[in-house]
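What follows is a set of notes on a single structure, which appears directly below.
The values are calculated or read from the model by the stated rules, or taken from the named source; none is laboratory data. As the structure is a prediction and not an experimental result, all values here were calculated from the model. Cβ atoms come from the backbone with ideal geometry, glycine included; neighbour counts cover every protein chain shown. The accessibility values were calculated without ligands, DNA or RNA, using every heavy atom of the protein model including side chains. Shrake-Rupley method; radii C 1.70, N 1.55, O 1.52, S 1.80 Å.
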Amino acid sequence: MKNPKLLFIVVLGAVFSVGCNKPGKGETAYSRARAAFKTTLLLKGPSPQPPEPVTVPEGVDQIEYRSGPHRLKAWIAPAATPGKQPAVLFLHGGFAFGNDDWEMAQPFREAGFAVMVPILRGENGQPGSFSMFYDELDDVLAAATHLSAQPFVDPAKVYIAGHSVGGTLTLLAAQTSRQFRAAASFSASPNQRSALDSGWDKLAPFDVMNEEEVRMRSPLAFAESFTCPVRIYFGTGEPFFAADSAETARVARARALDVESLAVPGDHFTAVPAELALAIAFFRSQR
């Protein structure tokens, strides 16, 4: 397998083998918890995934956005349609960015959405330390703010989606910020205790026995905090995600939130085209 990123994600995959919550103002239980919590990293440094060479495609801009003290890169491009456009912040899988991540997001552009894919701290030689689903969330929210400010973007129609690692960050972002009209995750891990016990502990830069560190990275623990309609997709060939995804949606729906988990035929990768089609239809329904 020549693609190091694909190999990295496949290895991780092998380890694993209503009401309307409209955008508005106000804190959530998760945003309050984040304000009171600071992660302690036992290991400070870059992402554990080696970066791969990337080539910026024609018609795509590589830009910088600021996240706290860091200046980070992202790829961004409008759709072909003129005027103000709906936009999707797409969060890549794995712990490094590659051209395949941009390609995965292209169905959104073809459907008329502007697309931005941020590269997060510690990835691809960027500044900052890898924290595994915590400080990276600040980068996601900063990228969303940058995307909303683009002249070709309708700031009232910004959506968020992500695959695998990006799917988990998508759920956490939708529990923290009210910037998003809707959210869709593909193969997220809602419960980091389940993930750590299945092998992710080897990558964690924090104390995996500290349950508060684990809880603060787990969308399931804050399922009542979703601020927008959410769809949690996973492949029928990856049952690891099924129970925690269903429980996250169940807890959210008990709070009258528009959150559903849906199994899609396929595995971690083969389910993605169908998941993208479902997400596009879902986002269009929220316009």
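Just to be sure I understand the filter: pairs with C-beta atoms under 8 Å, separated by 6 or more residues or on different chains, first member in the stretch 174-185 and over 16 Å from V153 (Cα atoms), second member part of a loop (DSSP other than H, G, I, E, B) and basic (K, R). Which pairs pass?
R178/K25
Within the stretch 212-223, track down each residue that is within 18 Å of the chain's Cα centre (by Cα) and open to solvent by 20 Å² or more (accessible area, probe 1.4 Å).
Listed by number, the residues that qualify are R215, L220, A221.
Please find, among T170, T145, the residue that is open to solvent by 10 Å² or more (accessible area, probe 1.4 Å) and either touching a Phe, Trp or Tyr at 6+ places or on another chain (Cβ under 6 Å) or of a type in the set (V, I, T) (or both).
The conditions single out T145.
Tally time: how many residues in the stretch 34-63 are in a strand (DSSP E or B) and under 30 Å from R287 (Cβ atoms)?
Final tally of qualifying residues: 3.
Restricting attention to the stretch 243-287, report how many residues are within 21 Å of L91 (Cα to Cα), open to solvent by less than 40 Å² (accessible area, probe 1.4 Å) and part of a loop (DSSP other than H, G, I, E, B).
Total satisfying the criteria: 3.
So, in the stretch 65-91, of the ones that are outside any loop (DSSP other than H, G, I, E, B) and out of contact with any strand residue (DSSP E or B) (no Cβ under 7 Å at 6 or more places or on another chain), which residue ends up most open to solvent (accessible area, probe 1.4 Å)?
R66
In the stretch 203-211, is there at least one residue being open to solvent by less than 10 Å² (accessible area, probe 1.4 Å), among the small types (G, A, S) and at pLDDT 95 or above?
no
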